[in-house]
Structures are given as structure tokens and as C-alpha cells.
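The values are calculated or read from the model by the stated rules, or taken from the named source; none is laboratory data. Owing to the predicted nature of the structure, the values given are computational and were not obtained by experimental measurement. A quick note on method: Cβ atoms are made from the backbone with ideal geometry, for glycine too, and the neighbour counts reach across all protein chains shown. Only protein heavy atoms, including side chains, enter the accessible area calculation; ligands, DNA and RNA are left aside. Shrake-Rupley method; radii C 1.70, N 1.55, O 1.52, S 1.80 Å.
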Amino acid sequence: MTASTPLTIYQLDAFTDQLYAGNPAAVVPLTHLDAWLPDAQMQAIATENNLAETAFYRRTEAGYHIRWFTPTVEVDLCGHATLATGYVIFFLEDKPSADHITLDSRSGPLRVCRGEAGWLTLDFPADVLLKASVQPPALMAGLGGPKPLEVHRGKTDFMVVYATQADVEALTPDFRELANVPARGVIVTAPGTDVDFVSRFFGPQSGIDEDPVTGSAHTTLAPYWGERLSKTELTARQLSRRGGYLRCKLHDTPTGHRVDISGQVQLYLKGELV
């Protein structure tokens, strides 16, 4: 088939057990095509969707290959759109009998496992954090609010640690200022009142001021809180307006430290791109 054939598109809410919550993502299967769509066309579709992420995937000999686009850029890793893609593959499109699939990506092979009661688990590489001895002036100016306890830098994001959940909830960032921080985005986090930790994610640099639920940020958050709380299994909430709930589990493999990030997905719509 050719790229002129109408494309199926799904929109799903990830990391939630109910519609109109969690993080919405679009998923566009390209399994009927012999190659990727042109990069500019995939970016245009993501811009038109105007969601935090639009994922495109194709079949490969080893499994699948996935790519993610915000409204403005292609990114190296996205958790919620990968969770949504896993749902599409397991329950709507291919419907494999196996309980796991592997998706190749710009961040290496990513495994998605199907569990009980509709839960899906992402197996992602853990981030490596370094204390940020030098902080961009736009970081603190953009966040405002109370003075944080710590500031770290991961592979793609800054992570700012506060004393309480209330501190994180009260932040009203200046997104124009934060857009000058040289990073994919900014994670803010604190201990939770009913979960192990809470967070918010600000990414005006990537075309989304506040992301509702950021699965990939938990590759940074889970190792930090796991060490701080001396736990390998953790629960988390992202405190956006839509909100999201995640379970995280730390484990080691011969190739390095990994984080299992688990959540649920709700299908919102199925349509056609013409």
C-alpha cells in the first residue's frame, strides 16, 4: 500500500483508569507502508493533533519500531505514547498472543508487557542523575515559588526537588522564562501524601507547557526516590490538572539499570487521516 492510503489514528488516555484523565496521546500505525512517512509529514500530523505526543510505529523483523513527535519536535523517548502504542498493538491492531512486545527506538529497544486488569508495563532504561552545580538563571526565575532542596540534571531534563507535595502543587511557572532552560523540560518533585512521590513536568521547550503525565520522566524520578526511600517498588502521581497514577519498579540487567513503569490506558477515539 502507499502513503496516499488513509491512515488509521487512535487517541488514547494513558496512565489512568478513566476517560478524560491521564495523558492523551495519538497513535498512528504505519504497518501497511513499506517505509516511514516523510519526517515533515509526521511532524505536520503531530502539530495538527496538538497533543503532547503523537506516536508512529512500523513492524520490523524483530518486532516494531516506534517514533514520537510533540507539536514541534521529534523526541528520543516518550512513556505515555509508548504505553498507548502498546495498548493499540495488544488490543486493537495486531492482538499478539504473547504478553510482551519489543519496540526499537532512538533510545534502544523498549519492552511493553501486558499484565492483569488491563495494566501495561514499560521496561525503560534508567536515567543517570548528576547534581547541577551550575543552574541556568531561567530555571529558578521560571519556576518561582519556594526554594528547592536540590537540583539535578539528567540526560534530557532538569529535576528540581522540593520539601512537600504542597510546594509542587503551588508552583505557577513563567513558561516564557522556562522555555530558555537548555533541556527537553523541567521535572519538579517531592514526597507524596498518599504515594511515594509526586511530580509535575514543564516542557515549553518541546511545545507543551505542562505535560499531564510524563512516563519518561519516571526513568529519572524512580531511581532518585528509590535510593532516597530505600525501595525498589514505588507508587507515583503526576499532579497536573488531568492527573495520572503510575507504579514503578527498579531492576538491574546485564546491560544496565532499568525502570518498569506501569499504567492503564483508555481508548477515546478511532479515526482516519485522509
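Observations on the model:
- What separates the Cα centres of region 212-256 and region 58-89 is a distance of 20 Å.
- Of the trypsin sites (Lys or Arg not before Pro) found in region 184-274, the ones in coil according to DSSP and having at most 10 other Cβ atoms within 10 Å of their Cβ are 241.
- Kirkwood hydrodynamic radius over Cα pairs of the chain, then Stokes diffusion coefficient at 25 °C and 0.890 mPa s, in µm²/s: 131
- For the chain, carbon and sulfur atoms together expose 50% of the accessible surface, with a 1.4 angstrom probe and every protein chain in place.
- When the convex hull of its Cα atoms is projected in every direction, mean area for region 184-274 (nm²): 8.2
- Ratio Rg/Rh [Cα only; Rh per Kirkwood] for region 11-165: 1.02
- Accessible surface computed residue by residue for the chain, with neighbouring protein chains in place and a 1.4 Å probe, gives 44 Å² per residue.
- Kirkwood-Stokes translational diffusion coefficient of region 58-100, alpha-carbon pairs, 37 °C, 0.692 mPa s, µm²/s: 284
- Over region 93-242, all Cα pairs binned in 10 Å intervals from 0 give whole-percent P(r) values of 10, 39, 33, 14, 4, 0, listed from short to long.
- Projected label points at residue 106 and residue 61, each 7 Å from Cα along the beta carbon direction, are separated by 2.5 nanometres.
- For region 1-83, the Stokes-Einstein estimate of translational diffusion at 10 °C and a viscosity of 1.306 mPa s comes to 121 µm²/s, using the Kirkwood hydrodynamic radius over alpha-carbon pairs.
- Long-range Cα-Cα pairs in region 201-254 (distance over 17 Å), rounded percent: 42
- Calculated FRET value between residue 169 and residue 257, using beta carbons and R₀ = 22 Å, to 0.05: 0.15
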